[in-house]
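Chemist: Below is the structure I would like to discuss, written out as structure tokens.
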Amino acid sequence: LILQSQIRTVRVEQLPVPETEVWNAPRFSPAGTDIFLTNAEHNGIWRYTISTRLLRQITSDRSAGYGFTVSDDGASIAYRTTVISGDHRTRVQESVSLALSTGKRTTLHRGNSVEMPRFVRNTALAPEQLQTPADAPIIVDAPVALLGTSDDGIRLLKNGSAVTVAPLGKGQYLWPQLSPDGKRIVAVEMDRGAFIADIDGKNVVRLGRCNAPQWTRSGGWIIGMEDKDDGHAVTGSEIIAVSADGAQRIALTSTPAIHEMYPAVSPASDVIVAVTYNGAVLMLTYTEGK
């Protein structure tokens, strides 16, 4: 008899954050000690420290909360902000790196439409720099890094060069995430659902509906949301776990009256943070066992 690994929720608590904002898009610091949050409009970023239960706003920049990233050492965040509103020809955007200890703000790139900045070995990188190697940091020996998505697929930095993979062929790819060992990707293709693939785009495992997917720190499970809508508003959403081989699918929440969304998984402990449709922040403790 072979016992398969299981995953289940053992505790759920609501974090004591003010109800003055509708909280959104949580993510953990690399050490798992802090949770970064934005609001429903993605304006500004806040930092919640788990040990002290204190919340502090670290930037009020417009649109900063959409797709922001945290450096591996937890010392900086990088984001894109809209400085001047307008269409794609008249607006002005900046990609920014912000040192959390000093608040020093560094503009990486500025233009009508800039890409999301990313970190490579704790160095903030504007993807546009890859088109001008003389301005780029030394990244040839850097590990694989995720650059985001494009109309052609998922963009990665490998051996100092930007490459694009499209594991399911042409399509619209969302929410790509590298596995803890850096060898696989989980993502969603809008029409075909979630999947896992090697970083070269091969050995695809289909996961079905699992939006906003995240790896557990063990790499054995994908945490995501199974959400429903009526075309205008969310009508239901639960946090689910799908095994990395696609064979098991387990509900981690079952609360029809509470719509849990956008899970983030701690890289340091068996904890998930998610927001509700109404903007509350929940922390789920889970266990993986036999």
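The values are calculated or read from the model by the stated rules, or taken from the named source; none is laboratory data. All values derive from a computational prediction rather than experimental measurement. Neighbour counts are summed over all protein chains in view; Cβ atoms, including those assigned to glycine, are modelled from backbone coordinates with ideal geometry. Only protein heavy atoms, including side chains, enter the accessible area calculation; ligands, DNA and RNA are left aside. Shrake-Rupley method; radii C 1.70, N 1.55, O 1.52, S 1.80 Å.
Chemist: Among the residues of region 22-45, what is the count of those that are open to solvent by 20 Å² or more (accessible area, probe 1.4 Å) and farther than 15 Å from A274 by Cα?
Modeler: 6
Chemist: Return yes or no: is R206 at pLDDT 95 or above, over 28 Å from L156 (Cα atoms), open to solvent by 40 Å² or more (accessible area, probe 1.4 Å) and not small (G, A, S)?
Modeler: It is false that R206 is at pLDDT 95 or above, over 28 Å from L156 (Cα atoms), open to solvent by 40 Å² or more (accessible area, probe 1.4 Å) and not small (G, A, S).
Chemist: Does region 9-26 include one or more residues that are under 22 Å from M225 (Cβ atoms), touching a residue at least 40 places away in the same chain (Cβ under 8 Å), in contact with an Asp or Glu (Cβ under 8 Å, 6 or more places away or on another chain) and not aromatic (F, W, Y)?
Modeler: Within region 9-26 (the criterion being under 22 Å from M225 (Cβ atoms), touching a residue at least 40 places away in the same chain (Cβ under 8 Å), in contact with an Asp or Glu (Cβ under 8 Å, 6 or more places away or on another chain) and not aromatic (F, W, Y)), the answer is no, since none of the residues qualifies.
Chemist: A further question on this structure: Within the group A264, A257, A197, which residue is under 19 Å from T33 (Cα atoms) and of a type in the set (A, V, I, L, M)?
Modeler: Result: A264 is the single residue among A264, A257, A197 that is under 19 Å from T33 (Cα atoms) and of a type in the set (A, V, I, L, M).
Chemist: Further question on the same structure: Test of understanding: among P267, P256, which residue is in contact with a Phe, Trp or Tyr (Cβ under 9 Å, 6 or more places away or on another chain), of a type outside the set (K, R) and either over 25 Å from V17 (Cβ atoms) or open to solvent by 50 Å² or more (accessible area, probe 1.4 Å) (or both)?
Modeler: P267
Chemist: Return only the number of the condition from (1) open to solvent by 60 Å² or more (accessible area, probe 1.4 Å); (2) free of Cβ contacts under 8 Å to residues at least 24 places away in the same chain; (3) assigned to a loop (DSSP other than H, G, I, E, B) that T164 does not satisfy.
Modeler: Status for T164: all satisfied but (3).
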